[in-house]
Amino acid sequence: MPERSLKDMETEVFWNAVKTNDARFDGAFYLGVKTTGIYCRPSCRARTPKRENVAFFPTIQLAEQFGLRACLRCKPKEIRGRDSQITAILKVCEMLESDDLFSLDMLADEVGLSPSHLQRSFKEIIGVSPKKYAEAKRMEKFKNELRSGSDVTTAMYDVGFGSSSRLYEKASENLGMTPTKYKKGGQGVEINYTITDCELGRILVARTIKGLCNVAFADDDSTLEASLKKEYPNAEVTKDAAVLKGFVDEILIHLAGKKKRLDLPLDIQATAFQMRVWELLRKIPYGETVTYTQIAEQLGDKKKVRAVAQACASNRVAVVIPCHRVVGKDGKLSGYRWGVERKSKLLEAESCDE
Ligand SMILES: [Zn+2]
C-alpha cells in the first residue's frame, strides 16, 4: 500500500472527513485500511481505524489494485456521483498547493462559484480561509526546503512566496528566526562601507557581516553617504576600506570588463517579490538585455510589468544585481536608479567586449 497515494495536503482534509464521517466526501476519495484489507467510503460508520493504518485512494480501481476489498457495511461501490461542492473545494485546494499564486476571484472563476460563496464553503469544509490555507501550505514547503539545506532566500522564492512583504515577515515569525535583521532601518546591524573611483564616477560599496548590502554610483561622496544612511538609518555605519577591499576589487575588475561573472554574497532587505525579480536579473548573461515584460512573463504574470520595473528601480546593489540589463520593450533604456547615462555606459562596455 502506498504511504501517500494522494498529495499530503489532501490527506489532512481527508482524515478530518473520516473522523467526522462526512458523507459529502463520499466519492471524492476512498479510505483503505491496511490491517483489515478493506476500503470504505469516508462516511463509513465502522470503527475509525488508526491513522497509521490508513491510506487514501482517489478511485475504487486504485484501491482494488492494491488488493483491497470493498467494505460490506458502507458499500463504497454503490456511490453515485460526487458532491459538486466538495469537488470544487478540493480543486481549489489543489490550486492553492501549486507554486502559482491565485486570487480569490481567479479561484472562484475556475470552479464556477462566486468569490463569497467559495470563501464561505471553503472555510466551512476545510476549516480555514483559502488565503490562510495557501499561507500554511507555503510555510510548510518553506520549512521543508530549509530542512533540506536551502538557504532562506532560495527557499523563499522556490516556494513562491507572493509579492506581499507581510507574508515574508510572517515567514520569519513562524520560523522563529530572522532571514535578515533589517527591520527598523537596520537596527543592530553593523555596516562597513567605502567609496572609491570607478569608470562611472564615485562608487560606494557597503557590507554587513553576511554580504553586500549596498553598491551605488554618484558624482560625489556626500550623496552616496546620505543615501546609505537613509536606507539604514538605525544601523551602525562605519567607513572601513580594508574590510571592503575584496569586494571592491572584484567589482572594479568586473566594471573594467575583465571578469564577466560577479558572484558576490548579498545581504539585502527585500520583499519576496523583489527577491524573485532580482534572482532573475542575476541570471541575465553579461552583454545581454531582456525587457521588463519578459521578466514579468518569467514570473508567470505579464501584467506585473510595472511591479517588475519598480523592483528593478529599488535594487540596492548596482551591477551585482544587474538591473541595468533590463530595458523597455522598444529597446529604450528606460530608467536607472543611478542615472540612465551610467546604464548606457554599462551596456555599451558589455556589448563591445567581444
Ligand atoms: Zn466501510
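The values are calculated or read from the model by the stated rules, or taken from the named source; none is laboratory data. Given the structure is predicted, the values throughout are model-derived calculations rather than measurements. Glycine also receives a Cβ, built like all others from the backbone with ideal geometry; neighbour counts cover every protein chain displayed.
Summary of values
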item: Unmet criterion (only one of (1) touching an Asp or Glu at 6+ places or on another chain (Cβ under 7 Å); (2) part of a helix (DSSP H, G or I); (3) among the hydrophobic types (A, V, I, L, M, F, W, C)) for I253; result: (1)
item: For V128: the one exception among (1) exposed (fewer than 14 other Cβ atoms within 10 Å of the Cβ); (2) modelled with pLDDT of 90 or more; result: (2)
item: Single match in D249, D220, D267 (criterion: within 17 Å of L204 (Cα to Cα) and touching a residue at least 40 places away in the same chain (Cβ under 8 Å)); result: D267
item: Leading residue by the ranking (nearest to F57 (Cα to Cα)) among those in the stretch 17-32 that are more than 11 Å from the ligand (Cβ to nearest atom) and not in a helix (DSSP H, G or I); result: F29
item: Extreme residue, farthest from the chain's Cα centre (by Cα), among residues of the stretch 238-291 that are polar (S, T, N, Q) and closer than 28 Å to V305 by Cβ; result: T289
item: Condition check for L96: part of a helix (DSSP H, G or I), of a type outside the set (V, I, T) and more than 11 Å from the ligand (Cβ to nearest atom); result: yes
item: Residue, surrounded by the fewest Cβ atoms within 10 Å (Cβ to Cβ), within the stretch 10-63, restricted to residues that are in contact with a Cys (Cβ under 6 Å, 6 or more places away or on another chain) and among the aliphatic types (A, V, I, L, M); result: I38
item: Of all residues in the stretch 33-53 being among the β-branched types (V, I, T) and within 12 Å of the ligand (Cβ to nearest atom), the one that is farthest from R80 (Cα to Cα); result: T36
item: Among (1) outside the structural domain of V13 (by TED's automatic domain parsing); (2) aliphatic (A, V, I, L, M); (3) within 16 Å of the ligand (Cβ to nearest atom), the one test that A88 misses; result: (3)
item: Identity of the residue in the stretch 78-93, of a type in the set (K, R) and not in a helix (DSSP H, G or I), that ends up surrounded by the fewest Cβ atoms within 10 Å (Cβ to Cβ); result: R80
item: Residue within the stretch 47-60 that is among the charged types (D, E, K, R), free of Cβ contacts under 8 Å to residues at least 24 places away in the same chain, assigned by TED's automatic domain parsing to the domain that holds V18 and part of a helix (DSSP H, G or I) present; result: yes
item: Yes/no for E145 being more than 16 Å from the ligand (Cβ to nearest atom), modelled with pLDDT under 85 and in contact with a Ser or Thr (Cβ under 8 Å, 6 or more places away or on another chain); result: yes
item: Complete set of residues in the stretch 35-90 that are at pLDDT 90 or above, among the hydrophobic types (A, V, I, L, M, F, W, C) and more than 36 Å from the chain's Cα centre (by Cα); result: I38, C40, C44, I60, L68, A70, C71, L72, C74
item: Any hit, the stretch 35-52, residues being of a type in the set (A, V, I, L, M, F, W, C) and under 23 Å from G127 (Cβ atoms); result: yes
item: P115 vs. criteria surrounded by 15 or more Cβ atoms within 10 Å (Cβ to Cβ) and within 16 Å of the ligand (Cβ to nearest atom); result: no
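For (1) touching a residue at least 40 places away in the same chain (Cβ under 8 Å); (2) surrounded by fewer than 18 Cβ atoms within 10 Å (Cβ to Cβ); (3) not hydrophobic (A, V, I, L, M, F, W, C), each residue gets a yes or a no:
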site	(1), (2), (3)
V308	no, no, no
C312	no, no, no
V319	yes, no, no
K332	no, yes, yes
